[in-house]
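Asks: Before I ask anything, here is the structure I am working with.
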Amino acid sequence: MNFQRVFGTLPKTKASAPGRVNLLGEHTDYNDGFVLPTAIPQRTTVQIGFSNDKLHHFYSAEYDELINVSDEDTIPQKFVSYICGCMRLLEKEGYKIPPINLYITSNVPIGAGLSSSAALEIATLRGLRALLNIPLDDLRLAQIGQLAEIRYAGLNCGIMDQMASSLADTDTMLFLDTRTLNRRPLPFPTGTEILVIDSGESHNLAAGSGYNQRRAECEEAAKRLGVKALRDIANPQAVEALPEPFNKRARHVVSENNRVLEALKSLPAERFGQLMNDSHASQRDDYEVSTPAVDALASILQQIRGVFGARLTGGGFGGACVALVESGKAAGIALEAIARYQRAGYTGRVLVPEVKN
Ligand code: GLA
């Protein structure tokens, strides 16, 4: 099924956006902190044209599902929530959107912590910007995408994913200060490449995963410490007097922000990898967003020769691990990791480097 088969017309425009993987700085973005994501090769593409009736028509090739929505309808809680969310926000900014046909294809894995939803939001916003000549820059698109996710998909997320999808590339890491939105590209540590393996445990952050609860706990911790956000605490000792779970949540955020800041100093791969391992332990023990399967995968990766460091990446509660490995060795290390993971009773899948099936 292509666009023409589904809608009986040709598309007017096409746009795409990548997923992302975060190297360091997890659960720091909604605490006004620092993050270090990079774009992955997998992308979401939308083709858009004008509809012949009063309805918007959205087709997902992955789900083989067509959903029709009018401007008055309640938005269905499916893939269209991201698209309609972006459209309604653009309308609120004064950009009138006529009825459209929109066709989505994507190879960004869903539920693996690689921001398939941000890729869909940014691809949609880029497509609408091109179709309707909307004068919004890439930063603004990221802000609208984040708001769509919060208001229409129910995830009280930070801005990392949309910024990464809108502004990052696959050759560098994007250092982002999520409070000021100052950012700059950074090279990967010399002699390294990245490897991403899906744990096989799919997550849905919006559906009661604990993500929104973690965010609320951080806000409460900041309030008790008398600061605007946990970003304003640099000394890890400062959080120790808080009661559980606020001390643990804050300890993760404060230490994680410090890890990102240390990573800005052109570190050797070994030190960068150590920070990733420390980040995993912090997510597992203090932030409590890992799972037994993800812990098993991270620890398997950490023990393989040629791996500098490995950690859970993304929102957690399942999803994928990212590893920093010696250049040229990712494919071999991936095979070894998948085999050991299998022996531990789990089924993993290599996501980066991209393997063509
Ligand atoms: C999800 C959210 C991001 C960020 C990460 C955790 O991907 O969408 O805003 O909070 O989790 O770092």
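Asks: Condition first: assigned to a loop (DSSP other than H, G, I, E, B), of a type in the set (A, V, I, L, M) and closer than 13 Å to A222 by Cα. Now tell me which residues in the stretch 232-266 satisfy that.
Replies: At the first step, the residues of the stretch 232-266 found to be assigned to a loop (DSSP other than H, G, I, E, B) are 233-235, 240-245, 264-266.
After this cut, where a residue has to be of a type in the set (A, V, I, L, M) as well, the list is 233-234, 241-242, 264.
Selection gives I233, A234, A241, L242.
Asks: Further, regarding this structure: Within the stretch 167-182, identify whether any single residue is of a type in the set (K, R), in the same structural domain as I83 (by TED's automatic domain parsing) and under 18 Å from L24 (Cα atoms), and answer yes or no.
Replies: Yes, the conditions are met somewhere in the stretch 167-182.
Asks: Follow-up. Might you let me know whether the stretch 210-223 holds any residue that is of a type outside the set (D, E), more than 16 Å from the ligand (Cβ to nearest atom), in contact with a Pro (Cβ under 8 Å, 6 or more places away or on another chain) and assigned to a helix (DSSP H, G or I)?
Replies: no
Asks: I've got another one for you. T172 is checked against (1) among the hydroxyl-bearing types (S, T, Y); (2) within 16 Å of the ligand (Cβ to nearest atom); (3) surrounded by fewer than 22 Cβ atoms within 10 Å (Cβ to Cβ) and fails just one. What number does that condition carry?
Replies: Of (1) among the hydroxyl-bearing types (S, T, Y); (2) within 16 Å of the ligand (Cβ to nearest atom); (3) surrounded by fewer than 22 Cβ atoms within 10 Å (Cβ to Cβ), only one is false for T172: (2).
Asks: Just checking: which of the strands (runs of 3 or more DSSP E) contained wholly in the stretch 1-75 hold 1 or more residues that are under 17 Å from L128 (Cα atoms) and not aliphatic (A, V, I, L, M)?
Replies: Here the list reads 13-22, 37-50, 56-60.
Asks: Ok, one more. In the stretch 167-190, what residues are outside any loop (DSSP other than H, G, I, E, B), more than 20 Å from V325 (Cα to Cα) and within 14 Å of the chain's Cα centre (by Cα)?
Replies: L167, L176
Asks: With respect to F50, determine if the residue is aromatic (F, W, Y), closer than 23 Å to E201 by Cα and out of contact with any Gly (no Cβ under 9 Å at 6 or more places or on another chain). Give the derivation first.
Replies: Numbers: aromatic (F, W, Y): yes; closer than 23 Å to E201 by Cα: no; out of contact with any Gly (no Cβ under 9 Å at 6 or more places or on another chain): yes.
No, not satisfied.
Asks: Sticking with this structure for a sec: Of all residues being outside any helix (DSSP H, G or I) and hydrophobic (A, V, I, L, M, F, W, C) in the stretch 120-163, which is nearest to the ligand (Cβ to nearest atom)? Just the residue, please.
Replies: C157
Asks: Right, next: Just the residues that are assigned to a loop (DSSP other than H, G, I, E, B) and surrounded by fewer than 24 Cβ atoms within 10 Å (Cβ to Cβ), please, taken from the stretch 300-323.
Replies: Within the stretch 300-323, I304, R305, G306, F317 qualify.
Asks: Follow-up. Would you check which residues across the stretch 87-115 are in a helix (DSSP H, G or I) and under 21 Å from F3 (Cα atoms) and list them?
Replies: M87 - this is the single residue of the stretch 87-115 that is in a helix (DSSP H, G or I) and under 21 Å from F3 (Cα atoms).
Asks: Oh, and also: Which ones in the stretch 11-58 are more than 13 Å from the ligand (Cβ to nearest atom) and out of contact with any strand residue (DSSP E or B) (no Cβ under 8 Å at 6 or more places or on another chain)?
Replies: Of everything in the stretch 11-58, those that are more than 13 Å from the ligand (Cβ to nearest atom) and out of contact with any strand residue (DSSP E or B) (no Cβ under 8 Å at 6 or more places or on another chain) turn out to be N52, D53, K54.
Asks: Still on this model: Restrict the check to the stretch 265-272 and report whether at least one residue is within 28 Å of A39 (Cα to Cα), at pLDDT below 95 and more than 18 Å from the chain's Cα centre (by Cα).
Replies: Yes, the conditions are met somewhere in the stretch 265-272.
The values are calculated or read from the model by the stated rules, or taken from the named source; none is laboratory data. The shown structure was predicted, so the numbers you read here are calculated from the model rather than taken from an experiment. Using ideal geometry, Cβ is built from the backbone for each residue, glycine included, and neighbour counts are taken over all protein chains shown.
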